[in-house]
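The values are calculated or read from the model by the stated rules, or taken from the named source; none is laboratory data. Small disclaimer: the values here were computed from a predicted structure and weren't measured. Positions of Cβ are generated from backbone atoms using ideal geometry, with glycine treated the same way; all protein chains shown enter the neighbour counts.
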Amino acid sequence: MTALEIHQFICRSDNFCVLLHDPEHGVTAAIDAPDAAAIRRKLDAMGLTLTHLFITHHHHDHTGGNLALKQETGCKIIGAAADRERIPGLDETVREGDTFRFGSQPVKVLETPGHTRGHLSYWLPDAQLVFTGDTLFSLGCGRLFEGTAEQMFHSLQKLAALPPETQIYCGHEYTLNNGEFAIEIDPDNAALRERLENVKALRRARQPTLPVPLSLELMTNPFLRTDNAQIQAALGLTGASPVAVFAELRRRKDHF
């Protein structure tokens, strides 16, 4: 199977966009479309033609480039059936359990609501990649704009159950801020302390903090560790349900 080429870059102020290119089949996908001009420049620099857009959710900073890119390239826009009225230019709707092919790769659709009610993540099991949009962030998770704490908790658990070697790509460069919050909640976590120092060094060098293996997130992301006794104690919630712990973590992060 031909390996995918992966090109990650910043759009707008802190949005990530990722281009996936399958050279054998001549197809190129963008994960979300924060800014058409930025994506066009990257495509031109790489000598690529856009054929697909995989949309994680309807927010404008993830779909603002949809119509311009579709008009320029004729790309197929894929997104959530639940958001068919809210995703500009949508061509193909998908839902939980669907699998479609992108070149040589199967793409599995995971419904991961919480940030929005129709949020999707795209898992490429053969390539060991998952694109989590604004559900799972590096060292954090998305705000609850449309969903509940219980929905987001279960979405994160779904992602946490993927193979640990899966590489996570998310929608924003929020890792440093997330890490500074995490270390206040989980100060005795040696893996987190080491990771936060690495993140600071990357940001000083203006380098991205993604992708990150799920195995590292499981050791360091407090939103994936709601059953941890130290985190529960730090929140004053020893013995509480994981959903209650998650909800308190999210509340505190909202005001961090």
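Flag: Phe102 does not match the condition of being modelled with pLDDT of 95 or more, buried (at least 16 other Cβ atoms within 10 Å of the Cβ) and touching a helix residue (DSSP H, G or I) at 6+ places or on another chain (Cβ under 6 Å). In contact with a helix residue (DSSP H, G or I) (Cβ under 6 Å, 6 or more places away or on another chain) and farther than 18 Å from Gln71 by Cβ: does that describe Phe16? Spelling it out, it is not the case that Phe16 is in contact with a helix residue (DSSP H, G or I) (Cβ under 6 Å, 6 or more places away or on another chain) and farther than 18 Å from Gln71 by Cβ.
What number of residues within region 138-148 satisfy the criterion of being in a loop (DSSP other than H, G, I, E, B) and either in contact with a helix residue (DSSP H, G or I) (Cβ under 8 Å, 6 or more places away or on another chain) or crowded, with 18+ Cβ neighbours inside 10 Å (or both)? Break it down stepwise before answering.
If we filter region 138-148 for residues that are in a loop (DSSP other than H, G, I, E, B), which is where we start, we get 138-139, 142-148.
When the remaining residues are screened for being either in contact with a helix residue (DSSP H, G or I) (Cβ under 8 Å, 6 or more places away or on another chain) or crowded, with 18+ Cβ neighbours inside 10 Å (or both), the result is 138-139, 142-144, 147.
Summing the residues that are in a loop (DSSP other than H, G, I, E, B) and either in contact with a helix residue (DSSP H, G or I) (Cβ under 8 Å, 6 or more places away or on another chain) or crowded, with 18+ Cβ neighbours inside 10 Å (or both) in region 138-148 gives 6.
Among the residues of region 204-219, what is the count of those that are within 19 Å of the chain's Cα centre (by Cα) and without any contact (Cβ under 8 Å) to a residue 40 or more places away in the chain? Total satisfying the criteria: 3.
If you check Ala30, Ala68 for being of a type in the set (A, V, I, L, M, F, W, C), under 25 Å from Gln167 (Cα atoms), buried (at least 17 other Cβ atoms within 10 Å of the Cβ) and in contact with a helix residue (DSSP H, G or I) (Cβ under 6 Å, 6 or more places away or on another chain), only one passes: Ala30. Filtered by the rule that a residue be assigned to a loop (DSSP other than H, G, I, E, B) and either surrounded by fewer than 21 Cβ atoms within 10 Å (Cβ to Cβ) or without any contact (Cβ under 8 Å) to a residue 24 or more places away in the chain (or both), region 114-131 gives Arg117, Pro125, Asp126, Ala127, Gln128.
State all residues of region 17-49 that are closer than 23 Å to Arg95 by Cα and either in contact with a Ser or Thr (Cβ under 9 Å, 6 or more places away or on another chain) or modelled with pLDDT under 95 (or both); if no residue qualifies, say none.
Within region 17-49, the subset closer than 23 Å to Arg95 by Cα is 17-20, 27-34.
Answer for region 17-49, where residues must be closer than 23 Å to Arg95 by Cα and either in contact with a Ser or Thr (Cβ under 9 Å, 6 or more places away or on another chain) or modelled with pLDDT under 95 (or both): Cys17, Leu19, Leu20, Val27, Thr28, Ala29, Ile31, Asp32, Ala33, Pro34.
Restricting the first member to region 20-31 and to residues that are without any contact (Cβ under 8 Å) to a residue 60 or more places away in the chain, and the second to residues that are acidic (Asp, Glu) and assigned to a strand (DSSP E or B), the beta-carbon pairs closer than 9 Å and six or more apart or on different chains are His21/Glu5; Pro23/Glu5; Thr28/Glu5; Thr28/Asp22.
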